[in-house]
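Novice: This is the structure I have questions about; it appears just below.
The values are calculated or read from the model by the stated rules, or taken from the named source; none is laboratory data. Bear in mind the structure is a predicted one, so any value in this text is a computation, not a measurement. Cβ placement follows ideal geometry from the backbone for every residue including glycine, while neighbour counts extend to all protein chains displayed.
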Amino acid sequence: MADYTPKPDHKFTFGLWTVGNTGRDPFGDPVRHKLSPVELVHLLADVGAYGVNFHDDDLVPITATPSERAVIVRDFKQALSDTGLVVPMATTNLFGDPAFKDGAFTSNDPKVRAYALHKTMHAIDLGVECGAKIYVFWGGREGTETDSSKNPSDAGKRFRDALNFLCEYVRDQGYDLKFALEPKPNEPRSDIYLPTVGAMLGFIATLDHPEMVGLNPEVAHEHMAGLNFLHAVAAAWDAGKLFHIDLNDQMFGRYDQDFRFGSVMVKQAFYLVKFLEDVGYSGSRHFDAHAYRTEDYDGVKAFARGCMRTYLILKEKARQFNEDKEIQALLTEILADDGTYSYLSGGYSADKAKQLKNTTFDRVALGARGLPYEQLDQLTIELLLGVR
């Protein structure tokens, strides 16, 4: 029987803000007491996680003095040492404080933009101090409610200038750090700039150091817009920009639900896990999700274990898919290639173009060929339902 126990080589991580979520929402007060970062590190160690990620404010309150910061960081690093957990990723909270109500890097106020850079540089220092190799940027307030307020082209230039500045800062400090941009279409702003993986990929190409900047796509964020997350992840992978990934679950077209991974759209989660495992993605599997508001901290532990267990179950299902003789026979039939057109591989040449233009195709036969996708999909469903 397959072993669904998480191990360090699975690289399962959670943010302090995920297991530390107190259950507060726009309609209700917290239902769980707040745990310290040290307590959360030990909670994650108890459930078998590999690592813990954080926003700067998750670890060090925005009001902390330098001496308070030193104590907090010392205790946090001691907890990491005691448990063996690592910090693969860090980020900056540029959305919670009222100063960022109109954005951070894209704010109309140059003082706010300067403060955002100031806060991020200090947060980068903190992340690197704790071992982070990836630094995520989620522009939660980088957007508008009315386009009367802000020219989107100006906002794009401001965002570009900020990332160029921070890339140079990282280079100047000699940090071994890469940036990962996290797109989201809306919430908490009505419209957030660079809302999708595709938009971010186009933007990265305009930066001074695009080799330093990749993506941190999130299941919920693409599903909010009704998009296919697998396709977004594949595009990021194909571009060499899948630096990090946020796993959770989300129904199409809803608010940002951040459900336990695989708890709502199992088929989509399966295809995602299969892709990551088939291509050999070696980064963290980070669960950016929250336990239900109904839960106490035993329930939070059950939530965290569930995220990891579901991933491992789907990983095993992916192995079964790849070894299932009937499924593979169908794929062989679908992908049949007698080599007639292998000359087209390797790119264009004048001779190839001439040969292809002079080829006669049986268009009717091409249209008449059946593709057994119904049968293939049914076998996939049966595999996921455990009857194969």
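Novice: Say whether the condition of being within 25 Å of the chain's Cα centre (by Cα), closer than 18 Å to A289 by Cα and at pLDDT 95 or above is met by at least one residue in segment 60-76.
Specialist: No, there is no match, as no residue in segment 60-76 is within 25 Å of the chain's Cα centre (by Cα), closer than 18 Å to A289 by Cα and at pLDDT 95 or above.
Novice: Going by the structure shown, is S263 surrounded by fewer than 16 Cβ atoms within 10 Å (Cβ to Cβ), over 12 Å from the mean Cα position of the chain (by Cα) and hydroxyl-bearing (S, T, Y)?
Specialist: On the way: surrounded by fewer than 16 Cβ atoms within 10 Å (Cβ to Cβ): no; over 12 Å from the mean Cα position of the chain (by Cα): yes; hydroxyl-bearing (S, T, Y): yes.
Answer is no for this residue.
Novice: Restricting attention to segment 296-314, does a residue exist that is hydrophobic (A, V, I, L, M, F, W, C) and closer than 23 Å to L194 by Cβ?
Specialist: Step one: filter segment 296-314 for residues hydrophobic (A, V, I, L, M, F, W, C), giving 300, 302-304, 307-308, 312-314.
With closer than 23 Å to L194 by Cβ added as a condition, the list becomes none.
The answer is no; no qualifying residue exists.
Novice: Restricting to segment 317-343, what's the tally of residues that are of a type in the set (V, I, T) and either within 17 Å of F270 (Cβ to Cβ) or touching a strand residue (DSSP E or B) at 6+ places or on another chain (Cβ under 7 Å) (or both)?
Specialist: The initial filter retains those residues of segment 317-343 that are of a type in the set (V, I, T), namely 327, 332, 334, 340.
Next cut, either within 17 Å of F270 (Cβ to Cβ) or touching a strand residue (DSSP E or B) at 6+ places or on another chain (Cβ under 7 Å) (or both) only: 327.
So the count comes out to 1.
Novice: Of all the residues that make up segment 188-208, how many are under 27 Å from T146 (Cα atoms), part of a loop (DSSP other than H, G, I, E, B) and small (G, A, S)?
Specialist: Qualifying residue count, segment 188-208: 1.
Novice: Of all residues in segment 60-78, count the ones that are surrounded by fewer than 12 Cβ atoms within 10 Å (Cβ to Cβ) and aromatic (F, W, Y).
Specialist: 0
Novice: For the condition touching a Leu at 6+ places or on another chain (Cβ under 7 Å) and more than 22 Å from F287 (Cα to Cα), what is the one hit in L181, L207?
Specialist: The match here is L207.
Novice: In segment 137-187, what residues are part of a loop (DSSP other than H, G, I, E, B) and more than 22 Å from the chain's Cα centre (by Cα)? Break it down into steps so the answer makes sense when it comes.
Specialist: As a first pass, look at segment 137-187 and keep what is part of a loop (DSSP other than H, G, I, E, B): 139-142, 145-151, 174-177, 183-187.
Result: E145, T146, D147, S148, S149, K150, N151, G174, Y175.
Novice: Look through A155, A104, A114, A123 and report the one residue that is at pLDDT 95 or above and closer than 27 Å to K11 by Cα. Steps first, answer last, please.
Specialist: Numbers: A155 fails: closer than 27 Å to K11 by Cα; A104 fails: closer than 27 Å to K11 by Cα; A114 fails: closer than 27 Å to K11 by Cα.
Testing whether each residue is at pLDDT 95 or above and closer than 27 Å to K11 by Cα leaves just A123.
Novice: Scanning for something of a type in the set (S, T, Y) and in a loop (DSSP other than H, G, I, E, B), does segment 115-135 turn up at least one residue?
Specialist: Residues of segment 115-135 that are of a type in the set (S, T, Y), as a first pass: 115, 120, 135.
Cutting the leftovers down to in a loop (DSSP other than H, G, I, E, B) gives us none.
Scanning segment 115-135 turns up no residue that is of a type in the set (S, T, Y) and in a loop (DSSP other than H, G, I, E, B).
Novice: For K241, are the conditions met, namely being surrounded by fewer than 16 Cβ atoms within 10 Å (Cβ to Cβ) and in contact (Cβ under 8 Å) with a residue 40 or more places away in the chain? Talk me through it step by step, then tell me what you get.
Specialist: Working: surrounded by fewer than 16 Cβ atoms within 10 Å (Cβ to Cβ): no; in contact (Cβ under 8 Å) with a residue 40 or more places away in the chain: yes.
Criteria not met by K241.
Novice: Pairs please, first residue from segment 57-78 and more than 18 Å from N93 (Cβ to Cβ), second anywhere and outside any loop (DSSP other than H, G, I, E, B), Cβ atoms under 6 Å, 6+ apart in sequence or on different chains.
Specialist: Listed pairs, sorted by first residue: D75/V38.
Novice: Take K274 and tell me if it is of a type outside the set (V, I, T), surrounded by fewer than 24 Cβ atoms within 10 Å (Cβ to Cβ) and more than 15 Å from the chain's Cα centre (by Cα). If you could, list the steps in order and put the result at the bottom.
Specialist: On the way: of a type outside the set (V, I, T): yes; surrounded by fewer than 24 Cβ atoms within 10 Å (Cβ to Cβ): yes; more than 15 Å from the chain's Cα centre (by Cα): yes.
Answer is yes for this residue.
Residue by residue, here is whether (1) hydroxyl-bearing (S, T, Y); (2) exposed (fewer than 10 other Cβ atoms within 10 Å of the Cβ); (3) touching a residue at least 24 places away in the same chain (Cβ under 8 Å) holds:
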residue	(1), (2), (3)
L344	no, no, no
K352	no, no, no
K357	no, yes, no
T360	yes, yes, no
V364	no, yes, no
L371	no, no, yes
L376	no, no, yes
E382	no, no, no
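Novice: Next question, about the same structure. Go through (1) surrounded by fewer than 17 Cβ atoms within 10 Å (Cβ to Cβ); (2) among the acidic types (D, E); (3) under 18 Å from Y175 (Cβ atoms) one by one and return the number of the condition D25 breaks.
Specialist: (3)
Novice: If you scan segment 284-303, which residues turn out to be of a type in the set (A, V, I, L, M) and either without any contact (Cβ under 8 Å) to a residue 24 or more places away in the chain or more than 20 Å from N216 (Cα to Cα) (or both)? Walk me through it before giving the result.
Specialist: Residues of segment 284-303 of a type in the set (A, V, I, L, M): 289, 291, 300, 302.
Scanning segment 284-303 gives A291, V300, A302.
Novice: Let me ask another. Residues that are at pLDDT 95 or above, of a type in the set (A, V, I, L, M) and in contact with a Phe, Trp or Tyr (Cβ under 7 Å, 6 or more places away or on another chain): list the helices (runs of 4 or more DSSP H) wholly contained in segment 290-388 that include at least 3 such residues.
Specialist: Numbers: elements: 297-323, 325-334, 350-357, 363-368, 373-384.
Here the list reads 297-323.
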